[in-house]
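Colleague: This is the structure I have questions about; it appears just below.
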Protein chains: 2
Amino acid sequence: MQESGEVGRAARGARRGRKNPAAQKSGARLPAAQTPSAARSAATPRRWRRRKEARPTEILEAALAVFAERGFAAARLDDVAARARISKGTLYLYFDSKEALFKAVVRAAIVPNIAQAEAAASDFPGPTADLLAVVLRRLGQVIGETPIGAIPKLMLAEAGNFPDLARFYLKEVIGRGFKLFSGILARGIARGEFRPVEVKDTVRLIIAPMLFIGLWRHAFERHSGERLDAPRFVAQHIDMLRRSLAPAPSAEPRP
Amino acid sequence: MQESGEVGRAARGARRGRKNPAAQKSGARLPAAQTPSAARSAATPRRWRRRKEARPTEILEAALAVFAERGFAAARLDDVAARARISKGTLYLYFDSKEALFKAVVRAAIVPNIAQAEAAASDFPGPTADLLAVVLRRLGQVIGETPIGAIPKLMLAEAGNFPDLARFYLKEVIGRGFKLFSGILARGIARGEFRPVEVKDTVRLIIAPMLFIGLWRHAFERHSGERLDAPRFVAQHIDMLRRSLAPAPSAEPRP
DNA sequence: CATTAATAACTGACTGGTCAGTTATTAGAA
DNA sequence: TTCTAATAACTGACCAGTCAGTTATTAATG
């Protein structure tokens with residue numbers, strides 16, 4: 001094995017004394033267009049445009065799609081570039097390395113959603129079971145209907161190869177998500193709306209099926225006739241949770 | 001040619017004179033001792049042994065470990081070989097390709113367990129909730145305490161790259177597992193021990209947390225202080241299921 | 001029992017292809 | 001014209017897979 005460090009090497013290396021770029025294929029006929037610039041006047045097929053602002057998000061979208069399908073290691077940057085309608089070199093104008101691109105994809109996809117969910121949860125007036133339902137339905141939409149649902153699969157697969165990304169994800173996504181649901185559970189228990197369950201495992205039991213949606217969709221669904229109807233699945237999950245979190249009905253009168 | 005041998009190069013000697021011996025300055029370990037045959041009399045550290053029968057399972061174990069840590073694409077066969085205490089060439093005496101090795105790993109790890117679970121479930125006398133608990137506890141052990149728990153992560157990650165393996169896994173593992181739990185659910189509903197839930201989604205809700213155990217353990221646990229106590233987690237899952245599958249308590253007296 | 005011959009298991013240097021990352025050059029924009 | 005986004009050809013590293021050669025083991029022979 002080798003390395004393990006982050007990032008690649010220093011950026012600008014002035015190494016490499018080229019040979020003689022022109023000499024190589026001496027007699028080779030020059031490709032196609034002989035006239036340097038004059039001949040392309042009529043039908044102006046522009047080869048490219050400057051789009052400095054639009055590129056980064058386009059690249060991130062393309063990269064998410066390719067990573068989602070192939071996984072990090074098997075994804076080719078040529079494919080990402082092609083999908084983003086640019087050349088591979090252009091990728092490197094915006095991202096330092098494949099790894100940096102991967103991290104950016106994860107961050108860009110996840111962070112806004114987490115923050116939004118936290119905000120939505122913090123000032124919910126009604127019953128806690130309804131709050132839980134709202135949050136889960138929203139999460140189900142994001143995972144089930146956007147490419148973001150592929151991120152968990154990616155992270156799972158690559159956690160072993162990118163320890164620092166794994167830690168980032170643990171802290172910024174899993175940790176915060178965990179806190180979000182822990183807070184909801186605690187609220188319900190404090191209000192007497194939920195029975196006093198063990199919080200940590202219960203949160204995991206709440207999250208696991210949500211994870212399942214993304215995993216199924218992005219790993220197996222295309223190979224299997226079985227469709228997963230995310231809203232219905234989430235509804236069933238919510239229903240089961242309502243029942244299993246309900247305080248003991250007959251035996252325990254409220255104090 | 002080949003003048004280096006000072007001792008008797010008689011027959012056994014280090015022939016090894018490849019074409020350009022000096023070209024690669026890399027870590028070419030020098031051929032160690034001088035007398036090839038004489039020196040190995042006292043403390044005979046045989047360089048290797050023939051172990052035709054033991055190899056395949058050893059290779060499979062090593063491969064599972066390496067694949068589990070790195071994923072298929074990032075795993076190096078040199079690492080697998082090193083872990084199995086053999087050379088890379090030997091791998092190819094037993095498996096045709098990296099892909100064939102991967103498939104063999106999955107098959108070897110999964111198939112026996114599925115069959116065993118089916119057998120155990122088919123003739124269970126007691127209440128269906130107990131049957132469900134037994135099966136889940138057993139599954140929790142396998143996933144939580146053996147390297148087999150890494151397989152789901154692997155399959156998830158590589159389903160996109162190995163369509164035929166994905167289909168194999170869908171059919172032989174997911175399909176059969178699904179049937180197993182569907183049968184249990186149906187049994188409970190038919191006996192009036194469970195309320196009449198929608199089966200398909202409910203089975204997914206039962207399986208998802210079990211999957212979660214393996215995913216957590218093999219992707220994140222080492223990066224996070226958070227231990228997952230599988231038996232406790234499974235117990236909590238079972239408890240929640242008992243509650244959420246119970247028939248309506250007040251309204252429905254048994255006939 | 002000691003040699004020798006035959007066979008099969010095993011090794012590791014090597015090859016060939018792939019792909020991340022680099023750079024000289026081109027062409028759009030100002 | 002100058003500046004720079006973008007390109008496309010290029011390079012080097014890495015690694016799956018191969019194969020000529022080595023070594024353990026077994027069988028045959030003296």
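Colleague: Which of A:Arg222, B:Arg195, B:Arg227 comes first, and how do the rest follow, when ranked by fewest Cβ neighbours within 10 Å?
Modeller: Sorted ascending by nearby Cβ count, the order is B:Arg227, A:Arg222, B:Arg195.
Colleague: When Lys and Arg each count +1 and Asp and Glu each count -1, what net charge do the other residues less than 13 Å away from A:Phe72, Cβ to Cβ, add up to?
Modeller: +1
Colleague: Could I ask something else about it? As I understand it, the dipole of region B:50-145 uses +1 on the Cβ of Lys and Arg and -1 on the Cβ of Asp and Glu, about the Cα centre. Which of B:Pro127, B:Gly89, B:Val66 lies farthest toward its positive end?
Modeller: B:Gly89
Colleague: Calculated FRET efficiency, B:Arg222 and A:Ala100, Cβ-Cβ r, R0 22 Å, to nearest 0.05?
Modeller: So, using R0 = 22 Å, E works out to roughly 0.40.
Colleague: If you don't mind, there's one more thing I want to ask. Would you mind computing, in nm to one decimal, how far apart the modelled labels at B:Ser122 and B:Val199 are, each placed 7 Å from Cα along Cα→Cβ?
Modeller: Roughly 1.8 nm, to one decimal.
Colleague: Report, as an integer, the average count of C-beta atoms from other chains found within 10 Å of each Cβ along B:195-202.
Modeller: Neighbouring Cβ atoms belonging to other protein chains average 4 per residue here.
Colleague: Give the order of A:Trp216, B:Trp48 when sorted by the count of other beta carbons within 10 angstrom, beginning with the fewest.
Modeller: Least crowded to most crowded, the residues run B:Trp48, A:Trp216.
Colleague: Given N residues in region A:55-94, what is Rg(Cα) / (2.2 N^0.38 Å)?
Modeller: 1.00
Colleague: By average Cβ neighbour count within 10 Å, what is the ranking of A:104-110, A:186-192, A:77-83, A:240-246 from highest down?
Modeller: With the highest mean Cβ count within 10 Å placed first, the list reads A:104-110, A:240-246, A:77-83, A:186-192.
FYI, it's all coordinate maths here, none of it is from the lab. Because the structure is predicted, anything quoted here is derived from the model rather than measured. When we count neighbours, we look across all protein chains shown, and the Cβ atoms used for this are built from the backbone with ideal geometry, even at glycine.
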